[in-house]
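One structure is given below, encoded as structure tokens.
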Amino acid sequence: MSKNQHGGRLIHVLSGLAAALLMSQAGLAIAQTVVKFHHDLPEDSAQHVAAEKFKAEVEKRSKGQIEVKIFPNNALGDDVEATQQMQFGALQAAIIPTAKLSNFVPAMQIVDLPFIFPSPKIAHAVLDGEAGNKLMATLDKVGLTGVTFWESGFKQITCNRTITKPSDFKGQKVRVMQSPIIMEQFSVMGANPVPIAFGETYNALQQRVVDCQENPLVSITKMKFYEVQSDLIISNHAYLAYAFVLSKRWLDKQSKEHRQILVDVARETTPFQREETARRETGYVDTIKKSGTKVSVLTEDQLALFQKATMPVHTKFADQIGKGLLETFYTQTKAQR
């Protein structure tokens, strides 16, 4: 074999190796696991900031084998539509308000019971413990894997009148989520609950289709509900938790290592998400005050009247939720006081 022939063969072999390497790299890119992550809030929310942290850590630990694509603001559909997509594995991850998940698993309503939690600290302890684990386990039967609880925090009331006692709601039309337990919460106080999609709430308030609404401060501020309401009432009457869920159908097909990364990182990001929510709340109240909206805080005596008025909601939904689960929540809450 001549020197030229040998050189030509070497170049041919090297070219083949280079081509094979390129094909291998292309194959790796195609085979990369993509996690589509849904949530319903804007990009400057605590939820989105935490989702970005989750994304960065998952991609780091998986050495780029898992890519997380975040879709804020209901970009892939509303919470109910996103949950349905997850059941079929078309969407892989999401944080969904527990009230929305109650359309699929009635037990999830327990978190939305009025005055079920007396403080954020107790809410976190209960949801991160035995009671929360039991609740998350109920999602398995509808094709979801519950991992942890993020939050928007405690809900407050905005209205076009000052609210100081339950009877002040009489005859008022109140925008609510599509949740039987939340509708009943206002019905027992004489209000007319009106289910309206979150994204349509501002217009409904502006056009006086409804008189009042309830939401955590982050939603009231980011959606600018205070612009079309005269009063903000700090009531802390109910807690809005987001369940961090994964598609069970999709997750079961992943490697054990990747499943562990996703679960571990979601749980490790939970304290950060909650701290971000708390850190921002003072600023939200300031923004609302500066707008000219009246801000009032219910006293302990006033809160006691609301708690007494809404207690029948607990009784009415006990069978749907499951009396055993409800008792576990009561016991764990009492133990944390």
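The values are calculated or read from the model by the stated rules, or taken from the named source; none is laboratory data. As the structure is a computational prediction, the values presented were derived from the model and not from experiment. Heads up, the Cβs are rebuilt from the backbone with ideal geometry, glycines too, and the neighbour counts pull from every protein chain shown. When the accessible area is computed, the model is the full protein with side chains, heavy atoms only, and any ligands, DNA or RNA have been set aside. Shrake-Rupley method; radii C 1.70, N 1.55, O 1.52, S 1.80 Å.
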Percent relative contact order for the chain, counting Cα pairs under 8 Å at least six residues apart, stands at 23 percent
Against the 2.2 N^0.38 Å rule of thumb, the C-alpha Rg of the chain sits at a ratio of 1.22
The chain accessible area per residue, 1.4 Å probe, protein heavy atoms, integer Å², reads 46 Å²
Rounded to the nearest Å, the spacing of the alpha-carbon centers of region 186-249 and region 153-184 is 9 Å
Express the relative contact order of region 102-225 as a whole percentage, based on alpha carbon pairs under 8 Å and six or more residues apart in sequence.
25 percent
What list of ³J(HN,Hα) couplings, whole Hz, do you get for region 61-70 from phi and the Karplus terms 6.51, -1.76, 1.60, once you set θ to phi - 60° and write x for glycine and proline?
5, 8, 6, x, 6, 10, 10, 9, 10, 8
Estimated [θ] at 222 nm from DSSP helical runs (n ≥ 4, -39500 (n - 2.57)) normalised by residues in the chain, nearest 500
-15500 deg cm²/dmol
Would you work out what percent of the accessible area of region 181-331, with all protein chains in place, is carbon or sulfur (probe 1.4 Å)?
50 percent
R0 of 51 Å, Cβ-Cβ distance ASP301-GLU43: FRET efficiency to nearest 0.05
0.80
Cα-Cα longer than 31 Å, checked against LYS36/LYS308; LYS170/LYS224; LYS165/LYS334, kept in input order, equals LYS36/LYS308
Mean separation of Cα contacts under 8 Å (at least 6 apart) over the residue count of region 232-327, i.e. the relative contact order in percent, is 53 percent
What would the Debye formula give as log10 I(q)/I(0) at q = 0.20 Å⁻¹ for the alpha-carbon point model of region 76-229, no solvent?
-1.35
